[in-house]
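The structure under discussion appears below in the form of structure tokens.
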Amino acid sequence: MKIPVVRKILEANDQMAEELQATFAARQILCLNLMSSPGAGKTTLLEQTLRGLSSDLNMAVIEGDVQTSNDAERIAATGAQAIQINTDGACHLDSSMVQEAVKQTDLNALDILFIENVGNLVCPAAFNVGEDFKVTVLSLPEGDDKPEKYPSMFARSKLLLINKIDLLPYLEFDVERAAKAARTINPEIEVLTVSAKTGEGMDEWYAWLKGRRQEKT
């Protein structure tokens, strides 16, 4: 009896996600759903991205957290639009939450909308939130076995960003192992290595964003 209920929840979520996608497509807005475990560096990555591309692209961020507006305040400090969603215990964002946040977002002339999901390597992957692509951020301190341990996250992502590569000299993390495992799960996944702290690899990330944005126009 529980399976039909779950299906109804997911079907309702997907229907609303399709409505969001249509809204973004009509305005030629690229929407990315950033997912990771807590502490992988999504917010720092976004801070650097917003600053690095501010002269080229108009960007906004919807922030998902269980509590606090700490990350949204950091994003707002860059000058970008920041809209906070507090899930009050939920382990992921869903399309109804994002739809409410979009109502508070100025979509005029917006090029890219980032949705920073709740830190979790399981639940967020199951819920579409109107994005064009899912992007998974994996940081070196987490270990290179995470694609094998949490395959659904990587199976549904367009891009894997391996972050904090400035720590490579200090940690036992095999970049090739992580990338190979992700590609075994999802042969179509793209892989980039970056350090939001030092800037290494960020130009490749910026080029990827500009390319995906160009595809929307």
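From the set of residues in segment 1-26 that are open to solvent by less than 60 Å² (accessible area, probe 1.4 Å) and among the polar types (S, T, N, Q), which is modelled with the lowest pLDDT?
ASN13
Return the residue satisfying two criteria in turn: it lies in segment 10-52 and is of a type in the set (Ser, Thr, Tyr) and assigned to a helix (DSSP H, G or I), and of such residues it is farthest from GLU116 (Cα to Cα).
Selected residue: THR23.
Which of the residues belonging to segment 57-86 are open to solvent by less than 20 Å² (accessible area, probe 1.4 Å) and touching a Gly at 6+ places or on another chain (Cβ under 8 Å)?
Result: ILE85, single match.
Filter segment 27-56 down to residues that are within 17 Å of VAL137 (Cα to Cα) and β-branched (Val, Ile, Thr) and give me whichever is surrounded by the most Cβ atoms within 10 Å (Cβ to Cβ).
First pass over segment 27-56, keeping only residues within 17 Å of VAL137 (Cα to Cα): 31-50.
Now narrow it down to the ones that are β-branched (Val, Ile, Thr): 43-44, 49.
Details: THR43: 21, THR44: 17, THR49: 23.
The selected residue is THR49.
From the set of residues in segment 119-129 that are part of a loop (DSSP other than H, G, I, E, B) and in contact (Cβ under 8 Å) with a residue 40 or more places away in the chain, which is most open to solvent (accessible area, probe 1.4 Å)?
By that ranking, first place goes to ASN128.
Return only the number of the condition from (1) among the hydrophobic types (A, V, I, L, M, F, W, C); (2) touching a residue at least 12 places away in the same chain (Cβ under 8 Å); (3) open to solvent by less than 70 Å² (accessible area, probe 1.4 Å); (4) over 21 Å from PRO124 (Cβ atoms) that ALA109 does not satisfy.
Evaluating ALA109 over (1) among the hydrophobic types (A, V, I, L, M, F, W, C); (2) touching a residue at least 12 places away in the same chain (Cβ under 8 Å); (3) open to solvent by less than 70 Å² (accessible area, probe 1.4 Å); (4) over 21 Å from PRO124 (Cβ atoms) leaves (3) as the failure.
Which condition breaks for GLU116 when tested against (1) in contact with a strand residue (DSSP E or B) (Cβ under 9 Å, 6 or more places away or on another chain); (2) open to solvent by 20 Å² or more (accessible area, probe 1.4 Å); (3) touching a residue at least 40 places away in the same chain (Cβ under 8 Å)?
All conditions are met except number (2).
For residues that are in contact with a Gly (Cβ under 8 Å, 6 or more places away or on another chain) and assigned to a loop (DSSP other than H, G, I, E, B), tally how many sit in segment 175-196.
Number satisfying all stated conditions: 3.
Which of the residues spanning segment 130-148 are open to solvent by less than 60 Å² (accessible area, probe 1.4 Å) and over 28 Å from GLU11 (Cα atoms)?
LEU138, SER139, LEU140, GLU142, GLY143, ASP144, ASP145, LYS146
Scan segment 149-172 residue by residue and report those that are surrounded by fewer than 16 Cβ atoms within 10 Å (Cβ to Cβ) and in a strand (DSSP E or B).
none
Please specify each residue of segment 59-104 satisfying the condition of being assigned to a loop (DSSP other than H, G, I, E, B), closer than 15 Å to THR44 by Cα and not small (Gly, Ala, Ser).
THR78 - this is the single residue of segment 59-104 that is assigned to a loop (DSSP other than H, G, I, E, B), closer than 15 Å to THR44 by Cα and not small (Gly, Ala, Ser).
Out of the residues in segment 81-126 that are of a type in the set (D, E, K, R) and in contact with a helix residue (DSSP H, G or I) (Cβ under 9 Å, 6 or more places away or on another chain), which is nearest to GLU215 (Cα to Cα)?
Initially, segment 81-126 is screened for residues of a type in the set (D, E, K, R), giving 88, 94, 100, 103, 106, 111, 116.
Checking the rest, the ones that are also in contact with a helix residue (DSSP H, G or I) (Cβ under 9 Å, 6 or more places away or on another chain) come to 94, 111, 116.
Working: ASP94: 25, ASP111: 12, GLU116: 22 Å.
Only one residue fits best here, namely ASP111.
ASP88 - would you say it is over 17 Å from the mean Cα position of the chain (by Cα), of a type outside the set (Lys, Arg) and at pLDDT 95 or above?
Judged against the criteria, ASP88 is not a match.
Only residues in segment 12-28 that are within 16 Å of ALA126 (Cβ to Cβ) and of a type in the set (Gly, Ala, Ser) count as the first member; pair them with residues that are open to solvent by less than 50 Å² (accessible area, probe 1.4 Å) and assigned to a helix (DSSP H, G or I), Cβ under 7 angstrom, at least 6 apart or cross-chain, and list the lot.
Between residues of segment 12-28 that are within 16 Å of ALA126 (Cβ to Cβ) and of a type in the set (Gly, Ala, Ser) and residues that are open to solvent by less than 50 Å² (accessible area, probe 1.4 Å) and assigned to a helix (DSSP H, G or I), the close pairs are ALA17/SER95.
The values are calculated or read from the model by the stated rules, or taken from the named source; none is laboratory data. All of these numbers come straight from a predicted model, not from anything done at the bench. Glycine gets a Cβ as well: all are built from the backbone with ideal geometry, and neighbour counts include every protein chain shown. The area values use the complete protein model at the heavy-atom level, side chains included, leaving out ligands, DNA and RNA. Shrake-Rupley method; radii C 1.70, N 1.55, O 1.52, S 1.80 Å.
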